[in-house]
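Following: one structure in structure tokens, then a few remarks.
Please treat every number below as a calculation from the coordinates, not as lab data. In this text the structure is predicted, and so the values were computed from the model without any measurement. When we count neighbours, we look across all protein chains shown, and the Cβ atoms used for this are built from the backbone with ideal geometry, even at glycine.
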């Protein structure tokens, strides 16, 4: 097995392990250890700092991905690229921190009435955004060195486990709230420090950039590219964190806590797409460079088809079980997030249905600037949607704003790709899959409700999976599935 395959398997295991830990932490552990207000404080603090940290690198993560191969020379200590990367990131943090400091009283004042705890602990945004921003920078550098395992393990698994331990100490009253928030923030500082020393151990670095070599590559061109991609990253992550941040202005922190738990649940629907894109993106980029249009079309079409098929099943499993699942949350009140789950799951299904479309825009030199404009439009739509809908509908308004903006963004990408490449991934099989989803979802409502939440989740899930697979075989939406089932039965008989 080659090194690429080994790393792919390693990262998949780490990602799914981290997702399982995050799911258990957010759905069961934190709601039991923390009040809804305390949970809302940690979520909005992390969301706000994450949004700030997105702009801290000023695009150095994109610069590293694109340009580090030009500087790569271990004997020459990569021409001081590591030092340039840290200095660039530090300049970005100082700029962002200065703007944030000047706006601190205004921003904290926006939350003083509905989310006073967040206003009280607003200053923790400064160190937390520093840690998150520099971890992102160092993680990208580790990826560029083809050493993705350790940063993934730190971010996906170890930091989450330590956070659970710290939360447990607070629950046991070993820590007071001030100490808990301090250690909650310090966890991310620790993972950044560990990753820094890991890079020192595996690589020969220099903190002094080779100015002559940088000038030869076009320093202004490099920095312009980075700044453009910084805006793209900010817009992309804006949708992920903006809803919780803006919700905290209008509703109590307890409502933010309920919302973040509910909004997390539909993210499991999109996990297969994230995994698929890691595999398809380099292959699609290769086909674009070499003009392999038919391969590009096939990958785009098949990604949309299979993601809709898989996403449809996960969509059904989430939505039919959401009420029972929220009843398992240790504290009362989280069932009120049921409609949030239902709304956001629609947006995730639409995202799955459009397949691996980002590479067609952001990996093309002729089109990536248009992609940035689309992302900027996404951020504006999300901001305006939250601004208009949260005061009227609360949690459901934040969910609606998220779904509307992401749906319009995916539609814009669909029409752009259709015009630029003449490609679109939908056909009669798409319609058959949608009919499968509708038929299976409708059939569930005729099943009698028996037993407690765990029993109900188990038997409804078995029914949905069984019916969905039978319909898939009957409607022949996946010839591969049918041939696989036939081969399986033949082996069993023999």
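Take each of the peptides 82-88, 145-151, average the number of other beta-carbon atoms within 10 Å over its residues, and list them starting from the highest.
Ranked from most to least packed, the peptides come out as 82-88, 145-151.
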(request) Order the peptides 251-258, 366-373, 124-131 from the highest to the lowest mean number of other Cβ atoms within 10 Å of their residues. (result) 251-258, 124-131, 366-373
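Sorting 208, 160, 297 on the 10 Å Cβ count, fewest up front, what's the list?
Listing 208, 160, 297 from fewest to most nearby Cβ atoms yields 208, 297, 160.
To one decimal place, what Kirkwood hydrodynamic radius in Å is obtained for the chain from all pairs of distinct Cα atoms?
On the way: mean 1/r = 0.0410 Å⁻¹.
When all Cα pairs of the chain are included, the Kirkwood radius is 24.4 Å.
Compute the length gained on full extension between residue 20 and residue 179: take 0.36 nm times their separation in residues and subtract their Cα-Cα distance, giving the result in nm to one decimal. Each step should come with its number before you reach the end.
Numbers: separation 159, 0.36 × 159 = 57.24 nm, distance 2.70 nm.
Stretched fully, the residue 20-residue 179 segment lengthens by 54.5 nm.
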(request) Quote to one decimal, in nm, the extra length available between residue 171 and residue 415 on full extension: 0.36 nm per residue of separation minus the C-alpha distance between them. (result) 82.8 nm
(request) State the Cα centre-to-centre distance between segment 363-438 and segment 111-132 in whole Å. (result) 31 Å
(request) Once you have all Cα-Cα distances for segment 114-253, histogram them in 5 Å bins from zero and send the whole-percent values. (result) 2, 8, 12, 15, 19, 17, 12, 8, 5, 3, 1, 0
(message) For a protection proxy built on the mean count of beta-carbon atoms within 10 angstrom, sort 94-100, 340-346 highest first, please.
(response) 340-346, 94-100
(request) Work out, step by step, the length gained on full extension between residue 161 and residue 424: first 0.36 nm times the residue separation, then minus their alpha carbon distance; give nm to one decimal. (result) 90.4 nm
(request) Compute the distance in nm between two label points, each set 7 Å from the Cα along the Cα-to-Cβ direction, one at residue 383 and one at residue 212. (result) 4.5 nm
(message) Starting from the Kirkwood Rh over alpha-carbon pairs, what translational D in µm² s⁻¹ does segment 251-494 have by Stokes-Einstein at 4 °C and 1.567 mPa s?
(response) 65 µm²/s
(request) Apply 1/(1 + (r/R0)^6) to the Cβ-Cβ distance of residue 458 and residue 292, taking R0 = 56 Å, and write down the FRET efficiency to the nearest 0.05. (result) 0.75
(request) For a footprinting-style exposure proxy, rank 135, 213 by other Cβ within 10 Å, fewest first. (result) 213, 135
(request) Once you have the Kirkwood Rh of segment 1-243 from its Cα pairs, apply Stokes-Einstein at 37 °C and 0.692 mPa s and quote D in µm²/s. (result) 170 µm²/s
(request) For a label point 7 Å from the Cα of residue 227 along Cα→C-beta, name the residues of segment 190-221 whose backbone N is under 11 Å from it. (result) 220-221
(request) Take the Cα of residue 196, step 7 Å along the line toward its Cβ, and report every residue of segment 35-58 whose backbone nitrogen sits under 17 Å from that point. (result) 56-57
(request) Take the alpha-carbon centre of segment 54-99, take the same for segment 155-212, and report the distance between them in whole Å. (result) 20 Å
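I need 50, 461 ordered by Cβ neighbour count within 10 Å, fewest first.
The most exposed by this proxy come first: 461, 50.
Rounded to the nearest 0.05, what FRET efficiency do residue 474 and residue 370 give with R0 = 45 Å and r taken as the Cβ-Cβ distance? Could you check?
Computed FRET efficiency for residue 474 and residue 370 comes out at 0.60.
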(request) Report relative contact order for segment 251-494 in percent, whole number only (criteria: Cα-Cα under 8 Å, sequence separation at least 6). (result) 24 percent
